[in-house]
1. Go through (1) at pLDDT 95 or above; (2) part of a strand (DSSP E or B) one by one and return the number of the condition VAL38 breaks.
2. Collect the residues in the stretch 26-35 that are modelled with pLDDT under 95 and assigned to a strand (DSSP E or B), keeping them in residue-number order.
3. Could you check THR44 against (1) of a type outside the set (Gly, Ala, Ser); (2) modelled with pLDDT under 90; (3) assigned to a loop (DSSP other than H, G, I, E, B) and say which number it fails?
4. Do we find that ARG17 is touching an Asp or Glu at 6+ places or on another chain (Cβ under 6 Å) and either among the small types (Gly, Ala, Ser) or farther than 15 Å from PRO80 by Cα (or both) in this structure?
5. Within the stretch 74-88, does at least one residue satisfy the condition of being within 12 Å of the chain's Cα centre (by Cα), modelled with pLDDT under 95, outside any loop (DSSP other than H, G, I, E, B) and surrounded by fewer than 15 Cβ atoms within 10 Å (Cβ to Cβ)?
6. Identify all residues within the stretch 1-17 that are touching a strand residue (DSSP E or B) at 6+ places or on another chain (Cβ under 7 Å), more than 18 Å from ALA57 (Cβ to Cβ) and not hydroxyl-bearing (Ser, Thr, Tyr); write none if there are none.
7. Taking the stretch 2-17 as the search range and keeping residues that are surrounded by 10 or more Cβ atoms within 10 Å (Cβ to Cβ) and hydrophobic (A, V, I, L, M, F, W, C), which one is farthest from ILE64 (Cα to Cα)?
Amino acid sequence: MSLELTLRIWGVDRMARPFAELVRARNVSNGGAVLIGVRSKVQTGELLDVQLGKSRAQFRIAWINLSGEAGIQALASEPPILGIGLPKVYEMVGTG
C-alpha cells in the first residue's frame, strides 16, 4: 500500500514567474517527499512553499525529472509538516 497526499505548492519558476498548483506526494517523511505531477518549470536548489491542510513550510528542491516528479527536502529552520501523525506501518518478516 502506498500513501499519497495532496499538497499545495507555490514559488517562482525558472523564468521568474510565480506559480501555484496542487500536486500529489509520496514517500512522505518529516525530511521531505517526492512530488508527483509538478507542471511548473522549477529548478534544483530553489525554495518551494508547501501547504498541507493549514500547515505551511518551505522546502528545497533536491531533484527533478522530466516526468513531473521532484524530490523536496525539508529545511532545518522550518516546522515539520510532512510525516506528522501518519500511521506507522510495521512489516512482519517470517523466519524459516
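The values are calculated or read from the model by the stated rules, or taken from the named source; none is laboratory data. Fair warning: this is a prediction, and the values are worked out from it, not measured in the lab. Note that we place each Cβ from the backbone using ideal geometry, even for glycine, and neighbour counts take in every protein chain shown.
1. The one condition VAL38 does not meet is (2).
2. ARG26, ASN27, VAL28, SER29, GLY32, ALA33
3. Going through the list (1) of a type outside the set (Gly, Ala, Ser); (2) modelled with pLDDT under 90; (3) assigned to a loop (DSSP other than H, G, I, E, B), THR44 breaks only (2).
4. For ARG17, the condition - touching an Asp or Glu at 6+ places or on another chain (Cβ under 6 Å) and either among the small types (Gly, Ala, Ser) or farther than 15 Å from PRO80 by Cα (or both) - is not met.
5. Within the stretch 74-88 (the criterion being within 12 Å of the chain's Cα centre (by Cα), modelled with pLDDT under 95, outside any loop (DSSP other than H, G, I, E, B) and surrounded by fewer than 15 Cβ atoms within 10 Å (Cβ to Cβ)), the answer is no, since none of the residues qualifies.
6. LEU3, GLU4, ASP13 - these are the residues of the stretch 1-17 that are touching a strand residue (DSSP E or B) at 6+ places or on another chain (Cβ under 7 Å), more than 18 Å from ALA57 (Cβ to Cβ) and not hydroxyl-bearing (Ser, Thr, Tyr).
7. The extreme case among them is LEU3.
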